[in-house]
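Structure first, then comments.
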Amino acid sequence: MAEKTSLAVPAAPPEVIRLQEDVPEASFWRRARHSLLRTRWPILALLILSLVVFLAIFGPQIAPKDPNRITLAARLKPPFERNAQGEMVYILGTDSLGRDVLSRLIYGARISLSVGIVAVGIGGTLGTLLGLTAGYFGGRVDDVIMRLADIQLAFPFILLAIMVLVVLGAGVLNLVLVLGIGQWVTYARIARGETMAQREKEYIEAARSIGASHARIMFRGILPNILAPLIVIASFNVASVILAEASLSFLGLGVPPTVPTWGGMLAESRDQLLANRWWLAVFPGLAIMLTVLSLNILGDWLRDFLDPRLRGTV
Amino acid sequence: MGRYLARRLLQSILVIFGVTLFSFLSLHLAGDPTLLYVNERATDAQIAETRHRLGFDRPLYEQYLAFMGRLVRGDFGKSLVTKTPAMELITTRLPATIELTVFAMLLAITLSIPIGLLAATKRGTPYDGGIMLFAIFGQSMPSFWLGLMLMLYVGLHWKILPISGHVPLLDPLLAGDFKTAIGNIPRALQHLIMPGVTIAMFSLSRNARLIRSSMLEVLALDYVRTARAKGLRERTVIIRHAFRNALIPFVTILGLEFGFLLSGVVVVETVFSWPGVGRLVFNSINQRDIPVVQATVVFFSLLFVGLNLLVDLIYARLDPRIRLG
């Protein structure tokens, strides 16, 4: 508990909290660096994630081929195959339309990551706002918000997503919205609980007594002090959203088939599996697994570093 | 217990209301649902006639009440493609899905307990490290990908298990034919293993981690030290004293577990061509047979709500703080 002073400093008036930003900042990053070096695995995870982010941003510059270019003459080339000149033209092979698997994988990183991050951004913001409001005001507001959360929690998320996407039609915007709205409950519950704990602290009373508005107390006073667990949840959440996106794409409910995605590539690989075109299934799956694994490892580390109380709950 | 029961029941009713309202409204999300029921060449007059026949011209609340009335009588609507009642489509496929889900749940529960216990009692040893590595991998792969890999290697390369197909167990059992049911068990299991493992992997990994961490927490408590100090065997301390309390957080997620497994069912049945409700959903999605998708979503949700309620009641019996609180 004593470890988590850096982000969740209680018992100080808001003015002091602002001052704090520059004091423990240096020591916070130093502690983070030390903890990372000590545990080792998160560094590997960070490296993998940096690579994925890099590919997502610079994909068009890096990808050897146009991911949608159809070359029927080069259909279903196995990976690592050299041509007559001894060159490896398609490092990870080609699919049933002769599209380059490596290029599609690189472009796929964009969709997986951006869908994951944007959806978590939507769900996290919405959930935090609602949880903060419920915890701060309590009473009827709290009741309504939390009952809504209960209802959503009692409803298997993927079914909800399927229902909405079938009716509205697949597409990046719908997908991101559905995945985002599906996530708000987790954030709302944590934010509410933490807010209720903070609300009773003296610094809030102090802020109130000098006439700070509700909004100021909520966003300048409480929010910075409840961020740590929310950040931890978000890191795991990006991982599970990426998995959900892959499932929905696999069902044909993700982004349109012209956009290369990892889940979509796996869906297409299914028809080729019996003919033993293993590379079509192995590589996109590995890409998803390594990304999600890295996020999970990083989430574990963030939790232990920022908020060890969450151990066993997330 | 009575008050808790009443509150929990009320909550479930609220949830059912929410779920049905949501499924009902989602049909109207994309605009006029009548357009789903007519073909593209239909004239305006035909569309208006269909709209009237299906009641889509009535106020929304009336439509919702009618929808609820039909649900109560077990009428979940009709398939646009085959014109058969959706409920019939679901019930004929339900046994296969139940077989798969129950099998997966058994795997997820029975394997995760010894694995999690082993990791907790051997904390810091290579056992623990290996188990935790396995668990974090298990939580990080898309389930259908695991399914594809199993098919590719276990099924196609090594030819150990069949890659698709289903041997019925529940169907002959329900028909009263016990001999066939028992005779089918060995072959049915062969077909169940790969899809079952695929669905169970995520929960299995998460449960193992959960049991490990809650076990470690309990083992650090004073009463465990007392039990050891009075000379009880380590086995007794772990099984009778620590494990029982460590199980409590595990029981709470068992209800949600079913939802996880159900979501897995839709994709995994598709991968293994399993003739269950999940594949029905997939096929209905592809044919845009929305009433069937809607019926399945509502049906699964009701099942989910019911099971959650059941689990909470079991939980209340296990934990006196809730029963009496």
Taking chain B as the reference, fit the longest principal axis to its C-alpha atoms, fit the long axis of helix B:244-271 to the helix C-alpha atoms, and give the angle between the two in degrees, 0 to 90, nearest 10.
-> 40 degrees
Work out the charge dipole of chain A with +1 on the Cβ of Lys and Arg and -1 on the Cβ of Asp and Glu about the Cα centre, then indicate which of A:Leu298, A:Ser247, A:Ile91 is farthest towards its positive end.
-> A:Ile91
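Which number gives the lysine pairs in the protein assembly as shown that have C-alpha atoms under 29 Å apart and are eight or more places apart or on different chains? Mind showing how you got there, number by number?
Numbers: A:Lys4/A:Lys201; A:Lys4/B:Lys122; A:Lys65/A:Lys77; A:Lys77/B:Lys159; B:Lys122/B:Lys230; B:Lys159/B:Lys179.
Going through the protein assembly as shown pair by pair, I get 6.
Report the relative contact order of chain A, percent, no decimals, based on alpha-carbon pairs under 8 angstrom and at least 6 residues apart.
25 percent
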Find the centroid of the Cα atoms in the range B:259-297 and in the range B:112-152, then give the distance between the two in whole Å.
-> 27 Å
Tell me which residues come under 5 Å, amide H to amide H, from A:Ser96 once H is placed; ignore anything under 5 positions away on its chain.
-> A:Leu76
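To the nearest 20 debye, what charge dipole does the protein assembly as shown have about its Cα centre, counting +1 at the Cβ of each Lys and Arg and -1 at the Cβ of each Asp and Glu?
Numbers: 61 positive and 43 negative charges, 311 e Å.
Dipole magnitude for the protein assembly as shown comes out near 1500 debye.
For B:Leu173 and B:Thr236, what does the FRET efficiency come to when R0 = 51 Å and r is the distance between their Cβ atoms, rounded to the nearest 0.05? List each step's numbers first, then the result.
On the way: r = 40 Å, r/R0 = 0.78.
Using R0 = 51 Å, I get an efficiency of 0.80.
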What list of ³J(HN,Hα) couplings, whole Hz, do you get for the range B:292-298 from phi and the Karplus terms 6.51, -1.76, 1.60, once you set θ to phi - 60° and write x for glycine and proline?
-> 5, 4, 4, 4, 5, 4, 4
In cubic angstrom per residue, the convex hull of the protein assembly as shown built on its Cα atoms measures 216 Å³
Histogram of C-alpha separations across chain B, 10 Å bin width, % = 5, 20, 25, 24, 16, 7, 2, 1, 0
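Go ahead and estimate [θ] at 222 nm for chain A from helices alone: -39,500 (n - 2.57) per DSSP H run with n ≥ 4, summed, over the residue count, rounded to 500.
Helix contribution divided over all residues of chain A: -22500 deg cm²/dmol.
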Cα-projected label distance for A:Asn83 with B:Ala45, points at 7 Å along beta-carbon direction, nm | 6.4 nm
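How much FRET efficiency would the formula 1/(1 + (r/R0)^6) give for A:Arg216 and A:Leu44, where r is the Cβ-Cβ distance and R0 is 35 Å, rounded to 0.05?
Numbers: r = 42 Å, r/R0 = 1.21.
Result of the calculation: an efficiency of 0.25.
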Two-decimal log10 I(q)/I(0) for the range A:72-186, as the Debye equation yields it once each C-alpha is a single scatterer, q = 0.11, 0.14, 0.22 Å⁻¹ | -0.57, -0.73, -1.12
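With +1 assigned to the C-beta of every Lys and Arg and -1 to the C-beta of every Asp and Glu, and no other charges, what is the dipole magnitude of the range B:92-276 about the Cα centre in debye, to the nearest 20?
Details: 16 positive and 9 negative charges, 161 e Å.
Dipole of the range B:92-276, to the nearest 20 debye: 780 debye.
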Build a GNM of chain B with springs between Cα atoms under 10 Å: which of B:Thr125, B:Thr20, B:Thr270 gets the top mean-square fluctuation?
-> B:Thr125
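In square nanometres, what is one fourth of the surface area of the convex hull spanned by the alpha carbons of the range B:92-276? Could you put the intermediate results ahead of the total?
Numbers: hull surface 49.9 nm².
The directionally averaged projection comes out at 12.5 nm².
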Given H placed 1.01 Å from N in the peptide plane, which residues other than close sequence neighbours of B:Lys78 have an amide H under 5 Å from its amide H?
-> B:Ala86
222 nm mean residue ellipticity, helices alone, for chain B (DSSP H n ≥ 4; -39,500 (n - 2.57); rounded to 500) = -25000 deg cm²/dmol
So how tilted is helix A:24-39 from the main axis of chain A? Cα-based, degrees 0 to 90, rounded to 10.
-> 50 degrees
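Can you work out the FRET efficiency for the pair B:Leu310 and B:Arg58, with r the C-beta to C-beta distance and R0 = 45 Å, to the nearest 0.05? All intermediate terms of the calculation are to be shown ahead of the outcome.
Details: r = 37 Å, r/R0 = 0.81.
With R0 = 45 Å, the Cβ-Cβ based efficiency is 0.80.
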Residue-by-residue Karplus 3J(HN,Hα) for the range A:247-260, coefficients 6.51, -1.76, 1.60, Hz, glycine and proline x | 4, 5, 4, 4, 7, x, 10, x, 7, x, x, 6, 8, x
Reduced to Cα centres, the span from the range B:44-98 to the range A:152-230 in Å works out to 36 Å
Restricting attention to the range B:35-118, which trypsin sites (Lys or Arg not before Pro) occupy a DSSP loop and are surrounded by at most 11 other Cβ atoms within 10 Å?
-> B:Arg41, B:Arg73, B:Lys83
Where nothing but the Cβ of Lys and Arg (+1) and of Asp and Glu (-1) is charged, how large is the charge dipole of the range A:130-283 around its Cα centre, in debye to the nearest 20?
-> 240 debye
Would you kindly state how much longer the chain becomes between A:Leu37 and A:Leu153 on full extension, computed as 0.36 nm times their sequence separation minus their alpha carbon distance, in nm to one decimal?
-> 38.0 nm
What is the helix-to-structure angle for A:172-181, meaning the angle in degrees between its Cα long axis and the longest Cα principal axis of chain A, kept from 0 to 90 and rounded to the nearest 10?
-> 40 degrees
Would you kindly derive the ³J(HN,Hα) couplings of the range B:131-137 from the backbone phi angles with the Karplus curve 6.51 cos²θ - 1.76 cosθ + 1.60 (θ = phi - 60°), listing them in order in whole Hz, with x for Gly and Pro?
-> 5, 5, 5, 4, 5, 6, 5
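Each reported figure results from applying straightforward, stated rules to the coordinates on display, with no laboratory input. Remember, it's a predicted structure, so these values are computed and weren't measured experimentally. We place every Cβ from the backbone using ideal geometry, glycine too, and count neighbours over all the protein chains shown.
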